[in-house]
Amino acid sequence: SDQPIADASVTAYQDDVEITSTSSDEDGGYMLVGLPPGTYRVEFSAPGYADTEILDVSVSAGHTTTDVDAVLAAE
């Protein structure tokens, strides 16, 4: 019963500084491009849903980090 959320905002922060953001597609997928190697906090938000964040997302050079997924609860 989990439905993808299109146009959710996905933002990567490092030390509480916004590094980059994007929006999810119609299937709920997203890609944050060009992040320097490091550890990030990824925040998900969409109208009508409570914001959700995932801590300690590790990004390494030359690799794609996958399976950083969130379930947003309706407000």
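Does E18 qualify as being modelled with pLDDT of 95 or more, assigned to a strand (DSSP E or B), of a type outside the set (F, W, Y) and within 9 Å of the chain's Cα centre (by Cα)? Spell out the reasoning first.
On the way: modelled with pLDDT of 95 or more: yes; assigned to a strand (DSSP E or B): yes; of a type outside the set (F, W, Y): yes; within 9 Å of the chain's Cα centre (by Cα): no.
Taking the combined requirement at face value, the residue does not satisfy it.
Within the range 31-41, is there a residue that is closer than 26 Å to Q3 by Cα and open to solvent by 70 Å² or more (accessible area, probe 1.4 Å)?
Residues of the range 31-41 closer than 26 Å to Q3 by Cα: 31-33, 40-41.
From the residues that got through so far, the ones that are open to solvent by 70 Å² or more (accessible area, probe 1.4 Å) too are 31, 33.
Checking the range 31-41: at least one residue is closer than 26 Å to Q3 by Cα and open to solvent by 70 Å² or more (accessible area, probe 1.4 Å).
If you check D67 against the conditions, is it on the phi > 0 side of the Ramachandran plot and touching a strand residue (DSSP E or B) at 6+ places or on another chain (Cβ under 9 Å)? Write out each step before concluding.
On the way: on the phi > 0 side of the Ramachandran plot: yes; touching a strand residue (DSSP E or B) at 6+ places or on another chain (Cβ under 9 Å): no.
Judged against the criteria, D67 is not a match.
I'm trying to understand the selection: among the residues of the range 21-59, which are outside any strand (DSSP E or B) and within 22 Å of A74 (Cα to Cα)? If you could, list the steps in order and put the result at the bottom.
Of all residues in the range 21-59, those outside any strand (DSSP E or B) come to 24-37, 46-48, 50-51.
Residues satisfying the conditions are S24, D25, E26, D27, G28, G29, Y30, A46, P47, G48, A50, D51.
Among the numbered criteria (1) surrounded by 12 or more Cβ atoms within 10 Å (Cβ to Cβ); (2) within 12 Å of the chain's Cα centre (by Cα), which single criterion is violated by V59?
(2)
So in the range 1-15, with the set limited to residues that are assigned to a loop (DSSP other than H, G, I, E, B) and either loosely packed, with under 13 Cβ neighbours inside 10 Å or not hydrophobic (A, V, I, L, M, F, W, C) (or both), which one is modelled with the lowest pLDDT? Please lay out each step first, then the result.
Kept after step one, since they are assigned to a loop (DSSP other than H, G, I, E, B), are these residues of the range 1-15: 1-8, 15.
From the residues that got through so far, the ones that are either loosely packed, with under 13 Cβ neighbours inside 10 Å or not hydrophobic (A, V, I, L, M, F, W, C) (or both) too are 1-4, 7, 15.
Details: S1: 54, D2: 78, Q3: 88, P4: 94, D7: 97, D15: 93.
Looking at residues that are assigned to a loop (DSSP other than H, G, I, E, B) and either loosely packed, with under 13 Cβ neighbours inside 10 Å or not hydrophobic (A, V, I, L, M, F, W, C) (or both), I get S1.
The values are calculated or read from the model by the stated rules, or taken from the named source; none is laboratory data. All of these numbers come straight from a predicted model, not from anything done at the bench. Methodologically, a virtual Cβ is constructed for each residue, glycine included, from the backbone with ideal geometry; neighbour enumeration extends over all protein chains shown. Only protein heavy atoms, including side chains, enter the accessible area calculation; ligands, DNA and RNA are left aside. Shrake-Rupley method; radii C 1.70, N 1.55, O 1.52, S 1.80 Å.
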